[in-house]
Every structure is written in structure tokens, then in C-alpha cells.
1. For the chain, with the dipole built from +1 on Lys and Arg beta-carbon atoms and -1 on Asp and Glu ones, taken about the Cα centre, which of Phe51, Tyr118, Thr136 lies farthest toward the positive end?
2. What's the local net charge at Ala112, with K and R +1, D and E -1, over the other residues with C-beta under 14 Å away?
3. Quick check for you: with a 1.4 Å probe and neighbouring chains kept, what is the accessible area per residue of the chain, in Å²?
4. Residues in region 128-142, backbone N under 14 Å from the label point at Thr28 (7 Å along the Cα-to-beta-carbon vector): list them, ranges by number please.
5. Taking θ as phi - 60°, what are the ³J(HN,Hα) couplings along region 47-58 by the Karplus curve (6.51, -1.76, 1.60), each to the nearest whole Hz, with x for Gly and Pro?
6. Search the structure for amide H atoms under 5 Å from the amide H of Ala112, placed 1.01 Å from N in the peptide plane, and list their residues when 5 or more places away or on another chain.
7. Name the long-range amide H neighbours of Ile240: under 5 Å, sequence gap of 5 or more, or other chain; modelled H, no Pro or chain starts.
8. Once the Cα atoms of helix 2-24 and of the chain are each reduced to a long axis, what angle between those two axes, in degrees from 0 to 90 to the nearest 10, is obtained?
Amino acid sequence: MKNTRFIILTALCLIFSTGIGTVTAFQTPESIVAAGNVYVSNVTYDPGSFFTNDAGTVTVYVTNGNPDQSVVVNHVTIGDKNIRLMSTPYDSSANIGPLQSKSFVFSVVADAPEGTYYPTFSLSFRDADSLYSRATVQVDNTPLKLTIVDQPDAFSQGKKKTIFMQVANPRKNDLRNVVLEVSGTGVIATPSKTFVGNLASGAKIPVNVTVSPDQETTLTVTVTYKNGNNPHKETMSIPITFGIDKKQANP
């Protein structure tokens, strides 16, 4: 009986060691050296910077620097507790040819306050160890800025007056679909809606609105815009009071 148990244990050990040899046989000195020539060549975020709780995408470009050898990669992912991954990691194998680049696109959400973050990008090789890289991203809650450049000291019932405003983008990334709307009880605003469009980082654009009030009221100016595909808005209130406009010339 003891001899039988010894034979069975010996056979199991041989089978187990053979299995291990099969798994690790892919890793050779050549494949390890080849994996060392694979690197992250670029990282882009959309939007370029996030508001807190904004969702977006990150695209990571991986380049195979080997001139004559392909590499096989699998289980590619990115994220941490602040920049959380919302999409599924890449779990299927992908081949990157010699001197070729491959892009990996992930959906993420900025679950963090203002600051600079470094989510970890990781990639596993079939025939070598893993590749790790940090992909810097900024969370910035600076809003689009709406200012009044000039306006009358006072308004008159039924008389048209013009308010000169300016919309500016102080952020480090472009903003999309900027729209300015003006509304108020007992007042006609022309135009009531102005489509500004995309506003580049650091850019500003004038917006003039003519108002004709029937009563003293409050004019509400709302600017809506998108950071990536995330909607945001800013609101300003302008009191409309009747009186003598000191800026108007006395005939």
C-alpha cells in the first residue's frame, strides 16, 4: 500500500511540474528583451481636463519598438480610485507588429476633487512580464466665465437698450456647444438665444443683447456648454430698473 501511494504521488508531481513547464515555456530571453522595447507612446483624454464627476475617454497608444519582431499583449486596463474605469478591460490577445502602434480606448469617470491624478495603465504580455505606466490627468472645476462689458445705468419702459457681454473660456481645454440664453418676465430680449459654438482654451467672444422692458424685472442670462459630452451651465442675474441713463447724451 505504501509503495502504491508513493507511485501515485510521484506521478502527480510529474504531471504538475509538466504543467508548470508548459505555462512558462513562452518566456524566453528573446521575448523578454522584445517586451522591453514596447512602450506607451502617447496618451490623450477627452475632455482634455475634467470637472469633478465628469465622464470621458482616455486613449493610450502602445508602440512596438522592435524592428523585426511582433509581440502579443493581453489584459490591458487603466484606472485607480480617483479616475475610475467604467468600461471593460481588454482581456483578449492582440498582436502588435514590428514598429507598429495600437490604441486602447477606455471610458472613465473623474470621481475626485480638483487636482492632478496619475491613473495606472497596465498591459500584460503573453511571453513576458507586464508593462506599467502613469497617465497624467487634471480635474479642474474652473467654469466658463460670463462678464458684462457695458450696460445702461438705467432702463426706460418700452425703450430698447443694449447690454454688452463677453463669454470667455479660462480652462486649459476647449469647450463645446456654448449657448447663451436671455429671459425675464415682462422683457423682450433680442436675440433671446445666441449659439456661440466651440470655444477654444483662453478664447473669448462678445455677445450683445438688446432688451426692451415693459416693467422693472430681473434679466436672467444662462450659458450652457459641454466639457466633452458633459453638460454644464452658468447663470447671471441682471436687475432691470427704470430711471435716467446717465451714459446717454442729453439732447
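The values are calculated or read from the model by the stated rules, or taken from the named source; none is laboratory data. Keep in mind it's a predicted model, so treat the numbers as computed, not measured. Backbone-built Cβ (ideal geometry, glycine too); neighbour counts: all protein chains shown. What goes into the accessible areas is simple: the full protein's heavy atoms, side chains included, and nothing from ligands, DNA or RNA. Shrake-Rupley method; radii C 1.70, N 1.55, O 1.52, S 1.80 Å.
1. So the residue we want is Phe51.
2. Its environment carries a net charge of -3.
3. Working: 14350 Å² over 251 residues.
I get 57 Å² per residue for the chain.
4. The answer is 128, whose backbone nitrogens lie closer than 14 Å to the label point.
5. Those phi angles translate into x, x, 9, 9, 7, 4, 6, 5, 9, x, 10, 10 Hz.
6. Asn53
7. The list, which skips near neighbours in sequence, is Thr217, Thr218, Leu219.
8. 40
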